[in-house]
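The structure appears below as structure tokens.
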């Protein structure tokens, strides 16, 4: 795959019209108040990201998580996500997802969009109940995840692109990669670091396809 190109998408706010899959679950289970308390502890530096994730997930342990699993089935990608991903794959891109969001949402989305890779936080769920978190994905580690994915597919970073929208994508937008595209960005910092700012994923696909075709000659 020496001539391959790769693009990774963020999930929340980019491929999905929700700002946070964690908040999505908290709203369904009525655990927003305790989640806010843990978030403030993390923002004050009292706990690290791993401990925040453990505490956040612990608020779901005594809840019927099957409610969430049912609602996840109703989630749909943002309006032109399916078309954009299809076009990129037809053009020969390796396409996938790197998100700090939850696997119960990410894996369904990856299957729906036929992604080549899917990296996200992973919950431990048994009989419809959450028992803990098996793996968190700290936003600061997204750059490491992208580097690892590129290495596994044999794609040099100069032929790697990323599409994201918020400050949870900062570690990637600070990387030296082929293309960084901000999709309806929620962060001025992201806008300043992006090579392109777009309002649709179709526009992002146009940019990436032209980049690949031009770069090949």
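Want the number for residue 27 to residue 83: 0.36 nm per residue separation, take away the alpha-carbon distance, what's left?
Answer, rounded to one decimal: 17.2 nm.
Taking other Cβ within 10 Å of each residue's Cβ, how do 175, 11, 41 sort, fewest first?
Exposure proxy ranking, most exposed first: 41, 175, 11.
Cα centroid distance between segment 38-108 and segment 154-183, in Å?
A separation of 19 Å, based on Cα centres.
Under a GNM of the chain (C-alpha, springs under 10 Å), which listed residue has the highest mean-square fluctuation: 47, 190, 177?
Comparing 47, 190, 177 in a Gaussian network model of the chain, the most mobile one is 47.
By how many degrees, between 0 and 90 and to the nearest 10, does the Cα long axis of helix 32-43 differ from the longest principal axis of the chain?
So the inclination is approximately 60 degrees.
I'd like the FRET efficiency for residue 48 and residue 215, computed as 1/(1 + (r/R0)^6) with the beta carbon distance as r and R0 of 35 Å, rounded to 0.05.
0.35
What distance in nm separates the simple spin-label points at residue 176 and residue 124, each placed 7 Å from Cα in the Cβ direction?
About 4.1 nm, to one decimal.
Quick one: helix 81-90 against the long Cα principal axis of the chain, what's the angle to the nearest 10°, folded into 0 to 90?
40 degrees
Would you please classify the overall shape of segment 6-60 from the alpha carbon gyration tensor, given that a ≥ b ≥ c denote the square roots of the eigenvalues, rounded means a/c under 1.5, and beyond that prolate means a/b larger than b/c while oblate covers the rest?
oblate
Please compute the contact order of the chain in relative form: average sequence separation of alpha-carbon pairs under 8 Å and at least six residues apart, divided by the residue count, as a percent.
24 percent
At R0 = 22 Å, how high is the FRET efficiency between residue 195 and residue 76 if r is their beta carbon distance? Nearest 0.05 is fine.
About 0.20, to the nearest 0.05.
Looking at the square roots a ≥ b ≥ c of the eigenvalues of the Cα gyration tensor of segment 65-177, which shape do they give, rounded for a/c under 1.5, prolate if a/b is larger than b/c, or oblate?
Oblate, since a/c reaches 1.5 and b/c is not below a/b.
Among 116, 64, 165, determine the one that fluctuates most according to a GNM of the chain built with springs between C-alpha atoms less than 10 Å apart.
Of 116, 64, 165, the most mobile in the Gaussian network model is 64.
Pop the C-beta distance of residue 131 and residue 19 into the FRET formula with R0 = 25 Å and round what comes out to the nearest 0.05.
Approximately 0.40, to the nearest 0.05.
Is the shape of the chain rounded, prolate or oblate, going by the alpha carbon gyration tensor and its root eigenvalues a ≥ b ≥ c, with a/c under 1.5 for rounded and a/b larger than b/c for prolate?
Prolate is the answer for the chain, as a/c is 1.5 or above and a/b outweighs b/c.
Can you give me the relative contact order of segment 83-135 as a percent, contacts being Cα pairs under 8 Å and 6 or more apart?
29 percent
So what's the angle, to the nearest 10 degrees on a 0 to 90 scale, between helix 142-152 and the longest Cα principal axis of the chain?
For 142-152 against the chain, the angle is about 50 degrees.
Each value in this text was obtained by applying a stated rule to the coordinates, not by laboratory testing. Owing to the predicted nature of the structure, the values given are computational and were not obtained by experimental measurement. Note that each Cβ is placed from the backbone with ideal geometry, even for glycine, and that neighbours are counted across all protein chains shown.
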